[in-house]
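The values are calculated or read from the model by the stated rules, or taken from the named source; none is laboratory data. This is a predicted model, so every value here is computed, not measured. Heads up, the Cβs are rebuilt from the backbone with ideal geometry, glycines too, and the neighbour counts pull from every protein chain shown. Note: accessible area is taken over every heavy atom of the protein model, side chains too, but ligands, DNA and RNA are not part of it. Shrake-Rupley method; radii C 1.70, N 1.55, O 1.52, S 1.80 Å.
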Amino acid sequence: MAEIVFDEDTRSWLIRTAATSYALRLTEDDTPSHVYWGPALTRDQVSDLIPETGQRWDAFNDPNEGLDELAVDGGTRYWTPALQVRFADGTRALEWRYLSHEIDGEERLRLRFRDRHYPLSITLNYRVPPGTDVIERWIELTNDGTEDAIEVIRSDSATWVLPVRPGYRISHVTGRWAAESQLLREPVPHGEVTFGSRRGITSHHANPWVMLDDGETTERHGEVFSAALAWSGSWRITTTRSSTGRLTVTGGSGQDGVVPRLAPGDTVTTPVFAGLYTEGGFGAASRAWHSYTLDHVLPHPGELRPVLYNSWEATGFDVTEAGQRSLAEKASTLGVELFVMDDGWFGARTGDHAGLGDWQVNRDRFPDGLKPLVDQVHRLGMKFGLWVEPEMVNPDSDLYRAHPDWVLHHPHRTRSELRQQLVLNFARPDVAGWAHGWLDSLVGEHGIDFLKWDMNRPFSEAGWPTDGDPDRLWVEHTHAVYAILDRLRAGHPGLRIEACSGGGGRIDFGIMARTDQVWTSDNTDALDRLVIQHGYGQVYPARAMSAWVTDDPNFVTHRTTPLRFRFHVAMAGVLGIGGDIVGWPEEDLEYAREQIALYKEIRPVVQHGRLHRLVPPETDGVTALQYVAADDGSTVVFVFRQAAHFHAPERPIRLGGLDVAARYRDADTGKVWHGAALLAHGLLPGLPDGDFASALIRLTKL
Ligand code: DGJ
């Protein structure tokens, strides 16, 4: 349980999580200043760290030395500002005046401030979700004035101040469409580096989390400071490293040059930028984030995600009722539990050039509407899922012809199309209301169990000519998406949702709080997926990671891999089938049946267990990972070898997370192992010969 205490003498607060401590204080001029973040310290121990009043020798040069708890723009502060505003008279600096604090139970702290002169209130919020070492932080800004708006140039949710350490290194992901979540681990440059998205979505190119270590941390050992932002629009995380060894990480929603206004009487609440300190290497940091996601982010974490079938790779836009029926029939014989019809079922959507926005069933393709197909899928014993892309419109659509002003646009500027589509302005209440209306009816009238909510292009020309504060659309679009998801879920409690954005373009804790799983990438090539899933899993859990087995050769990489390899890669997440199964030979169908049945046995361990990355994919062509069940300690190990090399002996793989004192039985061979031996020496995986070889080993704790 967390504990939060205030010390009046030093005007400091100590937050104790399950295994860490965090402290801040007020300086003489009421500036909130960071004191400590790291391994658990008591109140007494932390008090040693509170600096004596008085000036440091270099105070004339860098008075705050990056210690601001929320680095505001103002005074003699030169580190990256987290909060930057401009008042109506042009004043930009902020001066803190402390008002009060509230400690709410064991887990929440609120610190209230006001600017010394201008009518701006700032509340710093801290929350420790029970049972975690995660500290959620966010701020609230209120314009207490009655006349003038305040321009909000930057409003980060939190600044994380890290202790002085040599050799700081950052882990983060980069990528692109069909190659998301590529893990990078590199030295933190001195100066400022900003990671972010200016696309209005989280993006394929970066993901809003960072991990920092002192350069010595390994998968199994060492300290990690991490931070992750719960936001699905444009975002920015800046690291600032000084020559003194100090490092700060400040982050929040928004992007440079976009300056919304805070109207008199209004309050903005920023998204959560959560921080986590862990020991035990990158593996322990990931496991702590996974537990946090399962216990405090996902809406139905206790559920087992069903095995789904998705028609996209099988049919593309060539959707017909007969085709979907035969796919559904075949899928049901494999043990699939959820059948999802992808793009191409509505309006004039026979390709990507037309129809987006016209969410009426295409009667050429479904003469009697969707109901007969939905009913058949239900009769076959599966749930029914449907693809939608509510935020988009093709210019060639009835919707756009009727409402050309509903899209993001600037006067006298091109409306740039990507994938022949434009972005609807969901910040407009009429547009958001329209979207909720048709989604609500679609789901309600057809008994739809699952939506795949896609978003295939970033913003451009993000204007709103009829609004006096058009820049607010960047944030309000995302809030409107959240609100529609929340309303849909509330209105249809059985509805489950997959977040998709041209693959993995919108994966973050903001969207995960409202969806049940995410489409990890349009790249379903099993070998590429190992790398993508490795990057994804640094922060996000397998329980939400959709992974399909698709056809051979793969449609993006044209690579051929054995069906076994494809299954094993997908079984390390939420298994789905995405191939043209009507054309699969009987022996492949039989193999699929067996693997789906096997997956159903292991999925409690995969989806709810603790991940141990045994050999990362970048090593030498062998990758291994393991899930350990929290309850009975049973474990599943996946091993993948990209290429066989002449005379290269198989090496034992050392397992993790086992009980040294216990013994484990291999469910397939019956062999019994000592946990101690598997941890200390390892397990020979028994990979088959050849390239793209894989093994799945199940061990039951005796
Ligand atoms: C992008 C998604 O990632 C794909 O899975 C598919 O749904 C297409 N959009 C459909 O247009």
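Summary table below
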read-out	value
Conditions (1) closer than 30 Å to residue 120 by Cα; (2) away from the ligand (no atom under 16 Å from the Cβ); number of the one not met by residue 282	(1)
In region 655-695, the residues that are open to solvent by 40 Å² or more (accessible area, probe 1.4 Å) and in a strand (DSSP E or B)	663, 665, 672, 673, 674
Scan of region 351-369 for residues that are in a loop (DSSP other than H, G, I, E, B), away from the ligand (no atom under 15 Å from the Cβ) and open to solvent by 20 Å² or more (accessible area, probe 1.4 Å), ordered by number	360, 363, 364, 365, 367, 368
Test: residue 277 is part of a strand (DSSP E or B) and either within 16 Å of the ligand (Cβ to nearest atom) or more than 25 Å from the chain's Cα centre (by Cα) (or both)	no
Test for residue 513: is it in the same structural domain as residue 411 (by TED's automatic domain parsing), among the aliphatic types (A, V, I, L, M) and buried (at least 24 other Cβ atoms within 10 Å of the Cβ)	no
Checklist (1) part of a strand (DSSP E or B); (2) open to solvent by 40 Å² or more (accessible area, probe 1.4 Å); (3) not aliphatic (A, V, I, L, M) applied to residue 175, failing item	(2)
Scan of region 370-408 for residues that are of a type in the set (A, V, I, L, M, F, W, C) and part of a helix (DSSP H, G or I), ordered by number	373, 374, 377, 399, 402, 406
Failed criterion for residue 164 (all others in (1) touching a Lys or Arg at 6+ places or on another chain (Cβ under 9 Å); (2) part of a loop (DSSP other than H, G, I, E, B); (3) crowded, with 20+ Cβ neighbours inside 10 Å hold)	(3)
For residue 593: the one exception among (1) touching a helix residue (DSSP H, G or I) at 6+ places or on another chain (Cβ under 6 Å); (2) open to solvent by 30 Å² or more (accessible area, probe 1.4 Å); (3) under 27 Å from residue 506 (Cα atoms)	(3)
Scope region 527-544; condition part of a helix (DSSP H, G or I) and not small (Gly, Ala, Ser); matching residues	527, 528, 529, 530, 531, 532, 533, 534, 536, 543
Filtered residues of region 309-350 (kept if within 12 Å of the ligand (Cβ to nearest atom) and either part of a helix (DSSP H, G or I) or at pLDDT below 95 (or both))	312, 313, 314, 315
Residues (within 16 Å of the ligand (Cβ to nearest atom) and of a type in the set (Ser, Thr, Tyr)) located in region 376-403	397
Restricting region 424-473 to residues that are over 26 Å from the mean Cα position of the chain (by Cα) and hydroxyl-bearing (Ser, Thr, Tyr), the residue that is least open to solvent (accessible area, probe 1.4 Å)	441
Condition broken by residue 602, with the remaining ones in (1) under 26 Å from residue 301 (Cβ atoms); (2) open to solvent by less than 20 Å² (accessible area, probe 1.4 Å); (3) outside the structural domain of residue 541 (by TED's automatic domain parsing) satisfied	(3)
Of the criteria (1) open to solvent by 10 Å² or more (accessible area, probe 1.4 Å); (2) without any contact (Cβ under 8 Å) to a residue 60 or more places away in the chain, which one residue 246 fails	(2)
Counted residues, region 309-350 - those being open to solvent by 30 Å² or more (accessible area, probe 1.4 Å) and closer than 20 Å to residue 597 by Cβ	5
Given (1) of a type in the set (Asp, Glu); (2) within 30 Å of residue 320 (Cα to Cα); (3) open to solvent by 60 Å² or more (accessible area, probe 1.4 Å), number of the condition residue 588 does not satisfy	(3)
For residue 302: the one exception among (1) under 30 Å from residue 290 (Cβ atoms); (2) more than 16 Å from the ligand (Cβ to nearest atom); (3) open to solvent by less than 30 Å² (accessible area, probe 1.4 Å)	(3)
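Yes/no per residue for (1) within 22 Å of residue 434 (Cα to Cα); (2) buried (at least 21 other Cβ atoms within 10 Å of the Cβ); (3) away from the ligand (no atom under 16 Å from the Cβ); (4) of a type in the set (Lys, Arg):
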site	(1), (2), (3), (4)
500	yes, yes, no, no
508	no, yes, yes, no
519	no, yes, no, no
525	no, yes, no, no
528	no, no, no, no
544	no, yes, no, no
548	no, yes, no, no
557	no, no, no, no
